[in-house]
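The values are calculated or read from the model by the stated rules, or taken from the named source; none is laboratory data. Just so we're clear, the structure is a prediction, and the values are computed from it rather than from any experiment. Positions of Cβ are backbone-derived with ideal geometry, glycine not excepted, and every protein chain shown enters the neighbour counts. Note: accessible area is taken over every heavy atom of the protein model, side chains too, but ligands, DNA and RNA are not part of it. Shrake-Rupley method; radii C 1.70, N 1.55, O 1.52, S 1.80 Å.
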Amino acid sequence: MNPAARRVQRIYLTLMLGNTLAASFIWGINTLFLLDAGLSNFEAFAANAFFTVGMVIFEIPTGVVADTVGRKVSYLLGTITLSVTTGLYWMLWLWHSPFVWWALVSVLLGLGFTFFSGAVEAWLVDALAFTGYTGSLEAVFGRGLVVTGIAMFTGSVLGGVIAQATNLGVPFLVRAGVLVVMFIFAYMVMRDLGFTPDRSAGPLKATRNVLTQSVEHGLRKRSVRYVIFSAPFAGGVGIYAFYALQPYLLQLYGDPTAYSIAGLAAAVLSLAQVGGGLLAPRIRSLFDKRTSMMLVAGLISIGTLVALGLNGVFWLAVVLLVVWGFVFAVAGPVRQAYLNDMIPSKQRATVLSFDSLFGSLGGVVIQPALGRAADLQGYGPSLVIGAVVELIGVPFLLASRRQRDRADTNTARADAAAPAA
C-alpha cells in the first residue's frame, strides 16, 4: 500500500471509528430507552421499523446525491441530520411523547443513515483505485471492522455505564456531540478522489440517469441481484436480534435495571467483530469462492440464533452471542468485496444503496413482527422464528453462486473503475 492509499485508508478508518463510536453510545440501551419512554415491545420495535422505513424511502435519493453531487457532501449531510434527530429522540423520551412522534423522528433518523450507506464505501473504493491500490478489498474492509469493533466496544460499554450513573437519555446527547465533531473532521480532510460528480444535468435528469444505470448494473445483473435479494432476510433478522438481545440478556441475568449488562450485548459483539475483522482475509483464503464462505457463515448464524432462543442460561447466551457476532464479522467484508467487484464506479454508491434498501425493507416487516412475537411468546421463541426467516435468504445466495461471476473467485480487488456496459 503506497502512502497515498494509506492516507485514504486512515481517513476511512477514522470515519468508521467516529461514526460507530457515536452510534454505539446508544446501541446497548436503545430498546431499554424506548421501553422507559412508555412504549410496549411492539411499539419499540415498530419505532425501529419506522427507522428502516426512512431508510427505504431515502436510500435511492441519497445514493443519487452521493453519485451526482459527491460522496463528501453526502457524508456531511448525514452527520448533521443524525445529530439533530438524535437530539429530537432525547426530547421525545424526556416528554414521554406519544408513539406517532417516535415514528416520525425515526423516519428522519433513517434519512440520516442513508446519507452514509453506500457513500463512504464508494468513496473508499474509488479513492483506493485512484491512488493505485491493487490489494485485497477484504483486507481493508476487515481493518474497518476491527476499528468499528473497538469503537463499538468502547461506546457500548460507556453508554451503559453513563446510563447507569445518570439516566438513559444522556448517552443520546453524547452521541449528538460526537457527530458534530465528525462533521468538522470530514469537512477538513475528505476529498472525492477517483470520482468526478456529474452536475451538468438537472437533478431530475441526473436522478433518472443514475437510477437507470444502477438498475442495469444492479438488479438486472443476476449475480448482484440475488445477493441484494438475500439482504432483507439476514438484515431484518439481524437488526431485530441485536436490539432484542438487550432486554433478553437482562431477563436471563435477572435484573431489569442492570443497564451496564445491557451494554454487554453490544460490547461482546464488538469484540467478536474485532476478531472477525482480523481473521476475515485468512478465513476467506480457505474457500475457493466468496459465496461458499457467505453460505457457511449464514448457516452458522441461523443455528446460533436457534441455540440462543432455546437457551436459558445467561453466560451460555453470552458465549453464543460471541459466535453470532464473529460469524457476522467474518462474512461482512467478503460480501462487501463481492458486491464492489461487480459494480462500476459511477453507479457504485447507488447500487450499494439498493442493497441497503432491501436490507431495510426486511427490517420494516420483520422487526415489528418479531417484536409482536416477543410480546406474545417471549424473546427466546422470537429468535427461533427469526432464524427460520433468515433461512429464506440462503437460496438467493446459491442462485448468485450459480452465475459464476469472476468476482466470486477474486482474491484481489477487481478494477474499481470498470466502464459501464
Subject >> Filtered residues of region 177-210 (kept if open to solvent by 50 Å² or more (accessible area, probe 1.4 Å), part of a helix (DSSP H, G or I), modelled with pLDDT under 85 and in contact with a helix residue (DSSP H, G or I) (Cβ under 9 Å, 6 or more places away or on another chain)) >> reply: Pro203, Asn209
**OP:** Assess whether Thr291 counts as being within 16 Å of Ser382 (Cα to Cα) and of a type outside the set (A, V, I, L, M).
**Re:** no
Subject >> Residue pairs meeting the criteria (Cβ under 8 Å; at least 6 apart or on separate chains; first in contact (Cβ under 8 Å) with a residue 40 or more places away in the chain, in region 34-51; second in a loop (DSSP other than H, G, I, E, B)) >> reply: Asp36/Leu168; Ala37/His96; Ala37/Ser97; Gly38/His96; Ala47/Leu39
**OP:** Tell me, yes or no, whether region 328-346 has at least one residue that is open to solvent by 20 Å² or more (accessible area, probe 1.4 Å), in a helix (DSSP H, G or I) and either at pLDDT 90 or above or aromatic (Phe, Trp, Tyr) (or both).
**Re:** yes
**OP:** Determine, yes or no, whether Arg402 is among the basic types (Lys, Arg) and more than 22 Å from the chain's Cα centre (by Cα).
**Re:** yes
Subject >> Number of the exception - Ala129 against (1) under 26 Å from Ile283 (Cα atoms); (2) modelled with pLDDT of 90 or more; (3) in contact with a helix residue (DSSP H, G or I) (Cβ under 6 Å, 6 or more places away or on another chain) >> reply: (3)
**OP:** Taking Val323 as the residue in question, decide whether it is part of a helix (DSSP H, G or I) and more than 17 Å from Gly238 (Cβ to Cβ).
**Re:** no
Original post:
Of all residues in region 73-87, which are surrounded by fewer than 20 Cβ atoms within 10 Å (Cβ to Cβ) and either under 19 Å from the mean Cα position of the chain (by Cα) or over 23 Å from Ser353 (Cα atoms) (or both)?
Top reply: Leu76, Ile80, Gly87
Original post:
Which members of region 14-38 meet the condition of being part of a helix (DSSP H, G or I), open to solvent by 40 Å² or more (accessible area, probe 1.4 Å) and of a type outside the set (Ser, Thr, Tyr)?
Top reply: Met16, Leu17, Leu21, Trp27, Leu35, Asp36
**OP:** Kindly provide the set of residues from region 240-256 that are at pLDDT below 85, part of a helix (DSSP H, G or I) and open to solvent by 20 Å² or more (accessible area, probe 1.4 Å), ordered by number.
**Re:** Phe242, Tyr243
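Results for (1) within 25 Å of Ser270 (Cα to Cα); (2) in a helix (DSSP H, G or I); (3) open to solvent by less than 20 Å² (accessible area, probe 1.4 Å), shown as yes or no for each residue.
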site: Phe45; (1), (2), (3): yes, yes, yes
site: Val56; (1), (2), (3): no, yes, no
site: Val65; (1), (2), (3): no, yes, no
site: Leu94; (1), (2), (3): no, yes, no
site: Gly112; (1), (2), (3): yes, yes, yes
site: Asp126; (1), (2), (3): no, yes, yes
site: Ile150; (1), (2), (3): yes, yes, no
Original post:
Within the set of pairs 6 or more residues apart or between chains, which connect a residue that is open to solvent by 40 Å² or more (accessible area, probe 1.4 Å) inside region 294-316 to a residue that is of a type in the set (Val, Ile, Thr) with Cβ atoms less than 6 Å apart?
Top reply: Ile300/Val327; Val306/Val384
